[in-house]
Amino acid sequence: MSDLTKLTIAEARDALRKGETTSVALTEACLAAIDAADALGAFVHKTPEIALERAKAADQRIKAGDASGMCGIPVGIKDLFCTKGVPSQAASKILEGFRPEYESTVSGRLQDAGAVMLGKLNMDEFAMGSSNETSVYGNAVNPWRAGNSDAALTPGGSSGGSAAAVAADLCLAATGTDTGGSIRQPAAFTGTVGLKPTYGRCSRWGIVAFASSLDQAGPMTKTVRDAAIMGAAMMGHDPRDSTSADLPVPDFEAMLTGDIRGKVIGIPREYRMEGMPEEIEALWARGREMLADAGAVIRDISLPHTKYALPTYYVIAPAEASSNLARYDGVRFGYRAKLAQGDGITDMYEKTRAEGFGAEVRRRVMVGTYVLSAGYYDAYYNRARKVRTLIKRDFETVFADGIDAILTPATPSAAFELGQTFDDPVQMYLNDVFTVTVNLAGLPGLAVPAGLNAQGLPMGLQLIGKPWEEGELLNIGYALEQAAGFVAKPAKWW
Amino acid sequence: MLDLTYQTPKPKVIAGAKHDWELVIGMEVHAQVASKSKLFSGASTLFGAEPNSNVAFVDAGMPGMLPVINDFCVAQAVRTGLGLKAAINLRSAFDRKNYFYPDLPQGYQISQLYHPIVGEGEVLVEMGDGTARIVRIERIHLEQDAGKSIHDMDPALSFVDLNRTGVALMEIVSRPDIRGPEEAAAYVAKLRQIMLYLGTCDGNMQNGNLRADVNVSVCRPGAYERYQETQDFSHLGTRCEIKNMNSLRFIQAAIDYEARRQIAILEAGGTIDQETRLYDPDKGETRSMRSKEEAHDYRYFPDPDLLPLEIEQAWVDEIAANLPELPDAKKARFIGDYGLSDYDASVLTADLDAAQYFEVVVAEAGDGKMAANWVINELFGRLKKDEADITASPVSPAQLAGVIRLIKSGDISGKIAKDLFEIVYTEGGDPAQIVEARGMKQVTDTGAIEAAVDQIIAENPAHVEKAKQNPKLAGWFVGQVMKATGGKANPATVNELVTAKLGL
């Protein structure tokens, strides 16, 4: 078979089962593609030996007829996941040299299912960023380019390496994590599919924590079907994570009928933002039409507290981060600053953390420390928690009113040039405006590529589902995907 | 159950140079939960293991590691709360207390600031003189212990042992109801006793498994009563907190020193700075550790890794139904059922093992007062000589009961009984058999005694004359008869016969 790397998970699975290819062949093809794609900055730690070893084992399992859907599928793992014996440094200098003695639950589940880890993927440092520009490894670059321009575009963030790798066919799929949009925004920027499951679906055990009440792992894939296959393999109860839900994970793929007749899709009026590009507005309108044509009922809805979501998020996430990142102190693992004669423990903390964390991480640690400090706690953190409850209630209300899913743009723009907003954090934070509400409410969200803009760049739509209803969400996304017929691929320049 | 009533003890008064002062004390007692594994990890809590050998990934603050609550530690906290007659909160939550220190790997301690698992309760603190103070408990919360920093192993380096990191602690917070150093020590001792009964803390203060932060302030007489009426703290003096005390003796000494220090400042026209102090047992003084301004801003917030802790009333009820008899109830029962004095009952219930020992003796010997005397005076005295614990007693309760039964049946005298006890203590064996085998049985055969009396009277006419003039001297004959019978004659019988034969 030619172009093995271009296969979807479903295609590869079927080919493997028919004996038309092997996991070793798929893996070798991906490893070659990865080696030829250093310009994308997607893979930051390559693990070819592990990959080939697991591919061989997968081929054995497939031969023996004991293979799940993910068996033998080459995937990339975001650097935020701890992978046993393999560098796992959350794209931060402060975790330099850190090789965990344990495997995260989610990457371990994929491994148990027979998936083949090709290596670790670039990301924003500690998942803090929307452009993959805060990484210690340097930028990940979007395989897509605008028009005839050679300008390097962002693949989005924080799961920028994952998105770039999947879009450029370096792997069949990748893991991502999403705290405020870090799966869905890069998916939208790269013409790929990204699913952020309901909070509690994927275990957080072994994933470097950014904001514990918001973090959620999910699949980044080429198709909705692949997201269903890989998502199911990633999810499930884990007693090691107290916030993990003890609920069965249905066979999502079997739920992909494409039949959404009678489903009620909400269009939230508050997501119509001032200054939103016309092409995004048009895309959204087209999405509405496509779903209506597929038999869904379109209804305007209101989520009145939407406008408070971004500030709420940028209080809660840094607050949790400031505490979660306290453990990076140079005492037990990772980077420790060189100390001067006579330096004490406080010097060690200050120098290690000043040198080990990048600017964006330091900014959020400081913001988080501030909003939790005595005298400000009620004004910021506590108020943000209350607003979060109201945001959640907005969604509960519309779902109780019969809404099955909500359609919004995934991002306020298509991919932008690297360096464009890097120095303006507030502008950068605006990237998450459509996605953070979903994290604050703990809901599942799905980004589906729905079209190209005038420069030929992909744009995505977001579907928001009811808690624990990823199956239904994926089916609506599947219908949207079918209708949109997005097949474009970036022209290879790397 | 017998209801014991006590007088309220007088507060300790310290005479200053100008006038009298009273003490007001509140305590935060940190009790290590007796459990096999830590509060949020499966690592062992065993004391004295090789440094850093009982450490799970989560204890070491490794990236991505998450805490999972240990149900048993929760049950222990509930048990302790019930033992302190406290309200149990069916919904509680964990918060993070953030600060940096190398023995705190996560950079935060998981604690319960806003919603503790146990609410208000109370402890009866007997002072041993017929008075007792009721100390109100404000709350008990669960939290993680920190590790141990070692600074004296190397001139340039510090070392960290994480074995204790994450071990469950209960912080028991009292109201400012304690009014003197002795009461403070008695309060800690009482908490310790209750937890030992409950099996929720091993009470080992030396190992730091039970330690106290003591808040001390002083006020003029009358001020405390105004506080009590209004619950307005402004009637009380500014307090200082003495951290981390792990000895009852030091607690008393530190409070006494601290109160006098504060009085001296106040009488000289100064003011007390609210601060944290440390007690130096070598110098016998407290010194400032950090002022209020230097106090950490702990940035408490709900731990997002842990869902609120929800427990069911039925589960609490089950724990309550299986609580052991607690010290107050046991003491009252000992007084009521066995007729013991308050003092004896206190001594016997101070330690659960002693109380259990005593109860077996009573059950087999059938005489509460006698059993109490023998356990307290003979057994405790003998064990103390050997510096042995009741659990290591060479004399079993059955053996001691055997000795007592022999006294009660008149087979041996009290004096012989003491010899017999020493034989059982050092050599072991069944008391009745020993008495039989060694001919220690008391002679009650009046014929044999009568012969001995007759003989002594016949041989000592001079003494007979003297005794007839002064009947008090009859005791000399009794002594001679006892000597002649090797101590086995029943003294009462001898006395009777001597009196009769001498015609007194």
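The values are calculated or read from the model by the stated rules, or taken from the named source; none is laboratory data. Every value quoted in this text rests on a predicted model; they were computed, and no experiment measured them. A quick note on method: Cβ atoms are made from the backbone with ideal geometry, for glycine too, and the neighbour counts reach across all protein chains shown. Accessible surface is based on the protein model in full, side chains and every heavy atom, while ligands, DNA and RNA are left aside. Shrake-Rupley method; radii C 1.70, N 1.55, O 1.52, S 1.80 Å.
Figures for the structure shown
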read-out: Nitroxide proxy distance, nm - points 7 Å out along Cα→Cβ at B:Q455 and B:F72; value: 6.8
read-out: At least 20 Å² accessible surface lost relative to isolated chain, residues of region B:300-336 (1.4 Å probe); value: B:F301, B:P302, B:P304, B:D305, B:L307
read-out: Cut-off 20 Å, label 7 Å out along Cα→Cβ of B:S346, residues of region B:190-218 by amide N; value: B:190-197
read-out: Estimated D of region B:325-437 in µm² per second, where Rh is the Kirkwood radius over Cα pairs and Stokes-Einstein applies at 10 °C, 1.306 mPa s; value: 113
read-out: Accessible area (Å², 1.4 Å probe, nearest 10) - B:D430; value: 70
read-out: Derived scalar couplings ³J(HN,Hα) [region A:161-171; Karplus, 6.51 cos²θ - 1.76 cosθ + 1.60; whole Hz; x for Gly, Pro]; value: x, 4, 5, 4, 5, 6, 5, 8, 6, 8, 8
read-out: Distance (nanometres) between label positions extended 7 Å along Cα→Cβ at A:N382 and A:E20; value: 6.3
read-out: Sulfur and carbon atoms: percent of accessible area, region B:325-437 [1.4 Å]; value: 50
read-out: Solvent-accessible area per residue, Å², over the protein assembly as shown with all protein chains present [probe radius 1.4 Å]; value: 40
read-out: Built amide H within the under 5 Å cut-off of B:N244, gap 5+; value: B:A212, B:D213, B:V214
read-out: ³J(HN,Hα), Karplus 6.51/-1.76/1.60, whole Hz, each residue of region A:404-412, x for Gly, Pro; value: 8, 7, 10, 10, 9, x, 7, 9, x
read-out: Exposure ranking of B:I272, B:I449 by accessible area [1.4 Å probe, largest first]; value: B:I272, B:I449
read-out: Positive-end extreme of charge dipole, region B:325-437 - chosen from B:G414, B:A355, B:A371 (charges on Cβ); value: B:G414
read-out: Cα coordinate range in region A:1-116, projected on the principal axes (Å, largest first); value: 46, 30, 20
read-out: Cα centroid separation - region A:87-136 against region A:422-463, whole Å; value: 22
read-out: Whole-angstrom gap from region A:61-81 to region B:364-389, using each part's C-alpha centre; value: 72
read-out: Alpha-carbon Debye profile of region A:123-242, log10 I(q)/I(0) at 0.17, 0.23, 0.24 Å⁻¹; value: -0.77, -1.26, -1.34
read-out: 12 Å reach of a label modelled at A:R288, 7 Å along Cα-to-Cβ, counting backbone N of region A:388-416; value: A:407-409
read-out: Compactness of region B:446-502 as Cα Rg over 2.2 N^0.38 Å, two decimals; value: 0.99
read-out: Given charges at beta-carbon only (K, R positive; D, E negative), |dipole| of the protein assembly as shown in Debye; value: 380
read-out: Inverse mean reciprocal Cα-Cα distance (Kirkwood Rh) of the protein assembly as shown, Å; value: 33.6
read-out: Within region B:446-502: Cβ-based charge dipole about Cα centre, in debye rounded to nearest 20 (Lys, Arg +1; Asp, Glu -1); value: 180
read-out: Kirkwood estimate for region A:377-494, i.e. one over the average of 1/r between Cα atoms, Å; value: 16.4
read-out: Sites B:K148 and A:K84 - FRET efficiency at Förster radius 25 Å, r taken between beta-carbons, to 0.05; value: 0.30
read-out: 25 Å Cα-Cα reach of A:K338 towards lysines, excluding residues that sit fewer than 8 places from it in its own chain; value: A:K93, A:K351, B:K148
read-out: Delta accessible area of at least 10 Å² on complex formation, residues of region B:73-115, 1.4 Å probe, chain isolated as reference; value: B:R96, B:N98, B:F100, B:Y101, B:P102, B:P105, B:Q106, B:G107, B:Y108, B:Y114
read-out: Straight-distance crosslink candidates among lysines, where the alpha carbon sits under 16 Å from B:K472 and sequence neighbours closer than 8 are dropped; value: B:K501
read-out: Principal axis dimensions, largest first and in whole angstrom, of chain B by Cα; value: 96, 58, 53
read-out: For region B:22-295, with +1 on Lys and Arg beta carbons and -1 on Asp and Glu, the positive-most of B:Y279, B:A295, B:V123 along the dipole; value: B:V123
read-out: Carbon plus sulfur fraction of accessible area for region B:65-163, probe 1.4 Å, in percent; value: 55
read-out: A:R17, A:R353, reordered so the largest accessible area comes first (probe 1.4 Å); value: A:R17, A:R353
read-out: Residues in region A:287-330 occluded by at least 40 Å² - accessible area, probe radius 1.4 Å, against chain by itself; value: A:S323, A:A326, A:R327
read-out: Solvent-accessible surface ranking, highest first, for B:D337, B:D256, A:D293 at 1.4 angstrom; value: A:D293, B:D337, B:D256
read-out: For region A:322-464, with +1 on Lys and Arg beta carbons and -1 on Asp and Glu, the positive-most of A:F434, A:A326, A:A410 along the dipole; value: A:A326
read-out: Label-to-label distance, nm, for residues given as A:Q482 and B:S291 (7 Å Cα→Cβ offset); value: 7.4
read-out: About the Cα centre, charge dipole magnitude for chain B (Lys/Arg +1, Asp/Glu -1 at Cβ), debye; value: 1160
read-out: Inter-centroid distance (Cα atoms) of region B:169-195 relative to region A:380-394, Å; value: 41
read-out: Buried solvent-accessible surface, both chains (A, B), 1.4 Å probe, Å² to nearest 100; value: 2800
read-out: Percent accessible area from carbon and sulfur atoms, chain A, protein chains only, probe 1.4 Å; value: 50
